[in-house]
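Worksheet: the structure to be examined is printed underneath.
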Amino acid sequence: MLSSFETAAVAHSKGPRHFGQAAKSVITPMDFDAARMEISTWPGYTPTPLLAFGSLAEKLSVDSVFYKHEGPRFGIGSFKALGGSYAAFRVLQRALSKSLGYTVPLKEISDAKFSDLASQTTVVSATDGNHGRALAWGAQRLGMPCRIYIHAEVAEERAQAIRDYGAEVIRVDGNYDASLAVTRAEAEANDWFIVSDTSWPGYSDTPRDVMAGYGVMVHEINNKLDRAPTHVFLQAGVGGLAAAVTAALRQHWGTKSPRVIVVEPKLAPCLMASSKTGKLTVAPIFRETLMAGLSCAEPSQIAWQILAEEASDFLAIPESVVAPAVRLMATPFDDDPAIEAGESAVAGLAGLICAATQNVLRRKIGLDKTSRVLLIGSEGVTDRASFNEMTAAA
C-alpha cells in the first residue's frame, strides 16, 4: 500500500529556520485571540476531531501521527470556514465603523439593525473552491452580496456549492492567478471589498484576518496535546494555512514548536521556489494539479514572511501519490479511523509517508522512532466525482 510513496520522485529544499519575530508580529497573539473569541460564539461551533493514526505510525516507524480532521467544520467541509467567513465579519465591521463614525463591536455585527448597510457592502474573492464557499457562507449570514471568481478548471460541484450560499459565481479563463487578477480589477472598478486568502503589497489586513481565523484550529489542537509535536507537515498553496499554523504553534510552544515541513505539488511549488531564491518568487503553472486548492503560482506576501523564518524544509510531491493518499485515508491500516478526505487535504500526509519511507529524505527531515507528527486534514470531500474516481482506482 505504501509502494507509491516509497518510489515517488519528491523534491526537497532546506529551509532557513531561525526563529525570527514574524511568527509573533505578522499575526499577533491578540489577532488569534480576537478571532477565537468571535468564532467560538457562532451557532454550530464545536472543535473538530484530532485523530490518532497508531497503525500508520507503526508502519512509518514513528512514535505517533495526529490528524486534525476539518471536514466537519461548520458543515462547510473545510478549515476555510474559519478564515473567509471571519474575514467577512471584519470587513463589514470596518465598513460599518467608517460609515457610523465609531468602532462597531464584532458581537454586534450580526444584528439586523445593520442589514441596510450590510446589503450595500459587496465582498468578492477568487477561489479554487473552499475559500469561496466559506466566504459565501459568511456573507449570507451577514446579508452581504458576494461574488466569487473561479477559473476554468474548477469542478462544477464546487461552483454549485458556492451558489448554494447565495453567491454569484463568475467563471474566468485561465488558472487561479487569472481569476485573482479579474477579481482585483473588478473590485477596484466597482468599490467592492476583496476578501482574499493571499496578500500583496498594500493589501494585508484582510488576509491577516483570514489567517487569524485559522488559529482557532491550532488552539483546539494545543488543548488536546500534552507536549509539542516534533514535526508538522503542512500543505500549501499561497501559504496562508501553513504560515498561520506555524505562527500559532510557535506562539504556544516557543522553542519547542515542531519542525515545519511545507508540502506543495510539483506542478505549483511557489514556496519551494521562494526558499531557493531567498525571496518571494513566482513559479508559473503550466498544468493544473489534482490538489486543486494548492494550485497557486505566487506566495502570499505575509505568509512568506513567516515561513521564510520558521520553515525547516520544503517538499514538492508528484501527482502519483495523491490518489494513493486519498485511498489510504478512506481504507486505512488496521483500526485507524477511516476518513473521507479531499485531494488537498492529503498533501501533508503524502509528504510524510514519502519522507518516512525514503531513507535519504527520512534522514534529511530528521524522522525517527521518537517523532510525533502533526497533520492538518484541511478538507473533506468537496468534489465527490473526483473522490470516487480516486478511491475506485486500483
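The values are calculated or read from the model by the stated rules, or taken from the named source; none is laboratory data. None of the values given here were measured: they were computed from a predicted structure. FYI the Cβ positions are ideal-geometry reconstructions off the backbone, even for glycines, and counts take in every protein chain you see. Heavy atoms of the whole protein, side chains included, go into the accessibility calculation; ligands, DNA and RNA do not. Shrake-Rupley method; radii C 1.70, N 1.55, O 1.52, S 1.80 Å.
Residues in segment 368-394 that are open to solvent by 10 Å² or more (accessible area, probe 1.4 Å), farther than 24 Å from residue 130 by Cα and either in contact (Cβ under 8 Å) with a residue 60 or more places away in the chain or hydroxyl-bearing (Ser, Thr, Tyr) (or both): 368, 369, 370, 372, 393. Here are 89, 5, 19: which of them is in a loop (DSSP other than H, G, I, E, B) and of a type in the set (Phe, Trp, Tyr)? Criteria check complete, one pass: 19. Out of 169, 154, one residue alone is open to solvent by less than 20 Å² (accessible area, probe 1.4 Å) and closer than 23 Å to residue 288 by Cβ. It is 154. Taking the criterion of being farther than 14 Å from residue 375 by Cα and either over 14 Å from the mean Cα position of the chain (by Cα) or modelled with pLDDT under 95 (or both), the residues of segment 64-77 that qualify are 72, 74, 75, 76, 77.
Condition first: within 19 Å of residue 242 (Cα to Cα) and either free of Cβ contacts under 8 Å to residues at least 60 places away in the same chain or in a loop (DSSP other than H, G, I, E, B) (or both). Now tell me which residues in segment 31-47 satisfy that.
Pass one, segment 31-47, residues within 19 Å of residue 242 (Cα to Cα): 31-33, 35-36.
Once the filter is applied, which keeps residues that are within 19 Å of residue 242 (Cα to Cα) and either free of Cβ contacts under 8 Å to residues at least 60 places away in the same chain or in a loop (DSSP other than H, G, I, E, B) (or both), segment 31-47 yields only 33.
Would you confirm, using the coordinates I've provided, whether residue 118 is among the aliphatic types (A, V, I, L, M) and closer than 20 Å to residue 83 by Cβ? Here the answer is yes, as residue 118 does meet what is asked.
Taken over segment 258-274, the criterion of being buried (at least 21 other Cβ atoms within 10 Å of the Cβ) and either within 16 Å of residue 232 (Cβ to Cβ) or modelled with pLDDT under 95 (or both) is satisfied by 258, 260, 261, 262, 263, 264, 271. Looking at the structure I just gave you, is residue 356 small (Gly, Ala, Ser), modelled with pLDDT of 95 or more and closer than 30 Å to residue 74 by Cα? No: the conditions fail for residue 356.
The single residue among 181, 185, 189 that is modelled with pLDDT under 95, under 20 Å from residue 127 (Cα atoms), in a helix (DSSP H, G or I) and open to solvent by 40 Å² or more (accessible area, probe 1.4 Å) turns out to be 181.
Condition check: surrounded by fewer than 22 Cβ atoms within 10 Å (Cβ to Cβ) and in contact with a Gly (Cβ under 6 Å, 6 or more places away or on another chain). Does residue 160 satisfy that? In short, no. When each of 166, 213 is tested for being farther than 27 Å from residue 284 by Cβ, part of a helix (DSSP H, G or I) and of a type outside the set (A, V, I, L, M), the lone residue that passes is 213.
Can you find a residue in segment 107-124 that is under 22 Å from residue 377 (Cα atoms) and either part of a loop (DSSP other than H, G, I, E, B) or at pLDDT 95 or above (or both)? Checked against the condition, which is being under 22 Å from residue 377 (Cα atoms) and either part of a loop (DSSP other than H, G, I, E, B) or at pLDDT 95 or above (or both), segment 107-124 yields no hits at all. With the structure loaded, tell me whether residue 148 is within 23 Å of residue 209 (Cα to Cα), assigned to a strand (DSSP E or B) and β-branched (Val, Ile, Thr) or whether it fails that test. Answer is yes for this residue. When residue 336 is tested against (1) open to solvent by 40 Å² or more (accessible area, probe 1.4 Å); (2) in a loop (DSSP other than H, G, I, E, B), only condition (1) is not met. The set of residues from segment 96-134 being touching a residue at least 40 places away in the same chain (Cβ under 8 Å) and among the hydrophobic types (A, V, I, L, M, F, W, C) comprises 106, 123, 124, 126, 134.
The residues of segment 66-116 that are basic (Lys, Arg) and either surrounded by 15 or more Cβ atoms within 10 Å (Cβ to Cβ) or at positive phi (or both), listed by number, are 68, 73, 80, 90, 94.
Considered as a group, the residues in segment 295-328 that are in contact with a Leu (Cβ under 7 Å, 6 or more places away or on another chain) and more than 18 Å from residue 128 (Cβ to Cβ) include one that is most open to solvent (accessible area, probe 1.4 Å), and that residue is 301. When you check residue 67 against the structure, is it assigned to a loop (DSSP other than H, G, I, E, B) and of a type in the set (Phe, Trp, Tyr), yes or no? Here the answer is no, as residue 67 does not meet what is asked. Screening 55, 40, 13 for residues that are open to solvent by less than 60 Å² (accessible area, probe 1.4 Å), at pLDDT 95 or above and in contact with a Leu (Cβ under 9 Å, 6 or more places away or on another chain) leaves exactly one candidate, 13.
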